[in-house]
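For reference, the structure is listed below as structure tokens.
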Amino acid sequence: MAYMPFFTIQGKTPRERGADYGSQCRELIHGVLERYITFFNSGHAAVSWDDAREISKKFVPFIKAYSPELLEELEGVAEGSGASFDELLTLNSRSEAMTLVRRAKSDEEELDGCSSVAVLPQATADGHTILAQNWDTYTWQEYGTVILQVMKDDGADMMIVTEAGQLARYGMNQAGLALGVNSLHKTWNTKVFGVPSVFVRRKFLEQDRYVDAVNKIFGAESMLPMYYAAAYGGGDAMGFEKLARGQLVLYPENGLISHSNHIKHPKYGYQVDALGGTLYRDRRILRHLAPKVGSITREDIIEAFKDHFGFPFSVCRHGDERKKELDKISTLGCIVMDTTDKRLWACKGTPCCGQFREYAWDRPAKLAQWNGVVKW
């Protein structure tokens, strides 16, 4: 049974942590970059890899103003892996770079998107707060999926699910803060602006206070519409549909917040792109969980993420056999995070076939620093 490879990253400074990351994941990082170069240069993106590299450089001033230490860490990843900083910057801002040139619509293209759910204490059997996510994107990206335990002496250790070479996609920290992310409808931009989503995700996970983490989402101007699900071990969760003009906030209903890839806020309820079944995936998750509110278990949540209604454009996503290999979208993994106990489980590949494994902290004694939080 295949599991996501697990790496523990250490270092006293961001550059040292980056160098350790790059050194340990050197082969994977180069493999990821090779696959992206093939993807960009085969006409599957509207820009070439070289064009994307030039575009990505324009994000540096925005990232530096938002979080200069993350640029230092990325420089360390380059140093440790032997990859160039420009390539790694492109890898961490590739989605934003692709919005500068509109790609002609194609029948071959699959539309991507993830599904997530936050389950609050009043809805779970044990009174815990759980955030879960299916990670859906191009099937070929499964090669580089990793879990990083980032150890910090000046804050909470983090458990991050991402692609080798990227700073973050999803994850949780020892302060009981967890993050899920779903793409929203695509936009096309005429100029580069703002902070790429990868840096916002990582900055969220570096906080140890709920308000600070949420403010890192609100405080970042970004090019891509994106949904951020924030869950907290104190017993709360919120969803943020982050758009060009600001954030639309979603609050729990009956102890649940389910989301896929369309804007759900009642004040802004239209949808541009279908994104592969988004209009029913969030409701399929609720169909599994809503009748069990008050007694929902981790196993119930996993079962909801195995749902195959609308196959292959289902919660548990399987690549459409009608599409070319580079265009197929699949669930690369399922992540379940208990923010109360600060425990994370993940499977590699589709949850209907993958086996879940718990990824444990190397320094569990540090968890006690955040045990005294006031509960909702």
>> Just to check your reading of the model, which residue among S222, S183 is buried (at least 19 other Cβ atoms within 10 Å of the Cβ), under 11 Å from the mean Cα position of the chain (by Cα) and hydroxyl-bearing (S, T, Y)?
In response: S183
>> Pairs needed: first member in segment 70-85, over 13 Å from A164 (Cα atoms) and assigned by TED's automatic domain parsing to the domain that holds D50; second member anywhere, buried (at least 21 other Cβ atoms within 10 Å of the Cβ) and of a type in the set (S, T, Y); C-beta distance under 8 Å; at least 6 residues apart or different chains.
In response: E73/Y21; G76/Y21
>> Checking the condition over 25 Å from P252 (Cα atoms), of a type in the set (V, I, T) and assigned by TED's automatic domain parsing to the domain that holds L148, which residue from T350, T297, T278, T340 passes?
In response: T350
>> Filter segment 159-180 down to the residues that are hydroxyl-bearing (S, T, Y) and more than 14 Å from L148 (Cβ to Cβ) and list them by number.
In response: none
> Inside segment 278-337, can you point out the residues that are within 29 Å of A45 (Cβ to Cβ), free of Cβ contacts under 8 Å to residues at least 60 places away in the same chain and of a type in the set (G, A, S)?
Replying inline: G310, S314
>> Looking at segment 39-51, I want the residues that are touching a residue at least 24 places away in the same chain (Cβ under 8 Å) and have a partner that is of a type in the set (D, E) with Cβ atoms under 7 Å, at least 6 apart or on another chain. Which pairs are those?
In response: H44/D327
>> Looking only at segment 153-175, filter to residues that are charged (D, E, K, R) and either at pLDDT 95 or above or in contact with a Gly (Cβ under 7 Å, 6 or more places away or on another chain) (or both); which one of those is surrounded by the fewest Cβ atoms within 10 Å (Cβ to Cβ)?
In response: D157
> Would you call K58 charged (D, E, K, R) and at pLDDT 90 or above?
Replying inline: yes
>> Just to be sure before I move on: is A213 hydrophobic (A, V, I, L, M, F, W, C) and under 26 Å from G18 (Cβ atoms) in the structure I sent?
In response: yes
>> Anything in segment 336-355 that is surrounded by fewer than 20 Cβ atoms within 10 Å (Cβ to Cβ) and part of a strand (DSSP E or B)? List them, or say none.
In response: R343, W345
>> I'm trying to understand the selection: among the residues of segment 249-281, which are farther than 13 Å from L184 by Cβ, modelled with pLDDT of 95 or more and surrounded by fewer than 22 Cβ atoms within 10 Å (Cβ to Cβ)?
In response: V249, Y251, P252, E253, N254, G255, L256
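The values are calculated or read from the model by the stated rules, or taken from the named source; none is laboratory data. Predicted model, so just to flag it, every value in this text is computed and none were measured. Cβ: placed from backbone, ideal geometry, glycine included. Neighbour counts: every protein chain shown.
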